[in-house]
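Right, one structure below, let's go through it.
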Amino acid sequence: MKFLLIMQMNRDVWESMPEAERTEVVTGHGDFMKMITESGELISTHALADPANSNVVRSLDGVMSVKPGPYQETKNYMGGYYLVDCESTERAVELASQIPDARVDGLAVEVRPVMFSSGSDM
């Protein structure tokens, strides 16, 4: 089964952390990636730019519109994700608990099953 392990970021929480703790989180991602690569569970992973760098494309009254910035102003946002293929929801939750962000108060990792996949790395 495929799962998206979505890292929920909060800029205020991140910036309030001591530099050593932030470095530990970043370094921990390398260790986590190595583990799930070796287990064969990693499909892909991507870190996302700050929402301030995004654009929202949508239709308003039938007219396409592009608005700079995030879709919604919020403190928590999707900071990145791991797409994994593992045997069960329980295993996906176990993997999510090993992502360094999950151990930081104010950050979280959401585990969401994938309903449909397409593309070259599927």
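May I ask you to list the residues in the range 43-59 that are open to solvent by 90 Å² or more (accessible area, probe 1.4 Å) and small (Gly, Ala, Ser)?
Selection gives Ala47 alone.
Given the conditions (1) without any contact (Cβ under 8 Å) to a residue 24 or more places away in the chain; (2) more than 17 Å from the chain's Cα centre (by Cα), and given that Ser54 satisfies all but one, which numbered condition is not satisfied?
Going through the list (1) without any contact (Cβ under 8 Å) to a residue 24 or more places away in the chain; (2) more than 17 Å from the chain's Cα centre (by Cα), Ser54 breaks only (2).
Restricting attention to the range 87-101, and to residues there that are in a loop (DSSP other than H, G, I, E, B) and surrounded by fewer than 20 Cβ atoms within 10 Å (Cβ to Cβ), which single residue is nearest to the chain's Cα centre (by Cα)?
Result: Gln98.
Please enumerate the residues belonging to the range 60-71 that are open to solvent by 70 Å² or more (accessible area, probe 1.4 Å) and either in contact with a helix residue (DSSP H, G or I) (Cβ under 8 Å, 6 or more places away or on another chain) or at negative phi (or both).
Leu60, Val63, Met64, Val66, Lys67, Pro68, Tyr71
Table: residues versus (1) within 19 Å of Glu94 (Cα to Cα); (2) in contact with a Cys (Cβ under 6 Å, 6 or more places away or on another chain); (3) of a type in the set (Gly, Ala, Ser).
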position	(1), (2), (3)
Met9	no, no, no
Gly28	yes, no, yes
Leu42	yes, no, no
Ala47	no, no, yes
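Among the residues of the range 58-76, is there at least one that is at pLDDT below 95, in a helix (DSSP H, G or I) and not charged (D, E, K, R)?
Checked the range 58-76: no residue is at pLDDT below 95, in a helix (DSSP H, G or I) and not charged (D, E, K, R).
Looking only at the range 1-46, count how many residues are within 14 Å of the chain's Cα centre (by Cα) and small (Gly, Ala, Ser).
1
From the list Gly40, Gly79, which one is assigned to a loop (DSSP other than H, G, I, E, B) and open to solvent by less than 80 Å² (accessible area, probe 1.4 Å)?
Matching residue, one of Gly40, Gly79: Gly40.
I'd like to know if the range 14-32 contains one or more residues that are open to solvent by less than 50 Å² (accessible area, probe 1.4 Å), aromatic (Phe, Trp, Tyr) and touching a strand residue (DSSP E or B) at 6+ places or on another chain (Cβ under 7 Å).
For the range 14-32, residues open to solvent by less than 50 Å² (accessible area, probe 1.4 Å), aromatic (Phe, Trp, Tyr) and touching a strand residue (DSSP E or B) at 6+ places or on another chain (Cβ under 7 Å): absent.
I'm told Val104 meets every condition in (1) among the aliphatic types (A, V, I, L, M); (2) more than 12 Å from Leu4 (Cα to Cα); (3) open to solvent by 60 Å² or more (accessible area, probe 1.4 Å) except one. Can you identify the failing condition by its number?
Unmet for Val104, out of (1) among the aliphatic types (A, V, I, L, M); (2) more than 12 Å from Leu4 (Cα to Cα); (3) open to solvent by 60 Å² or more (accessible area, probe 1.4 Å): (3).
The values are calculated or read from the model by the stated rules, or taken from the named source; none is laboratory data. Remember, it's a predicted structure, so these values are computed and weren't measured experimentally. Neighbour counts are summed over all protein chains in view; Cβ atoms, including those assigned to glycine, are modelled from backbone coordinates with ideal geometry. Quick note on the areas: whole protein, heavy atoms, side chains included, nothing else; ligands and nucleic acids left out. Shrake-Rupley method; radii C 1.70, N 1.55, O 1.52, S 1.80 Å.
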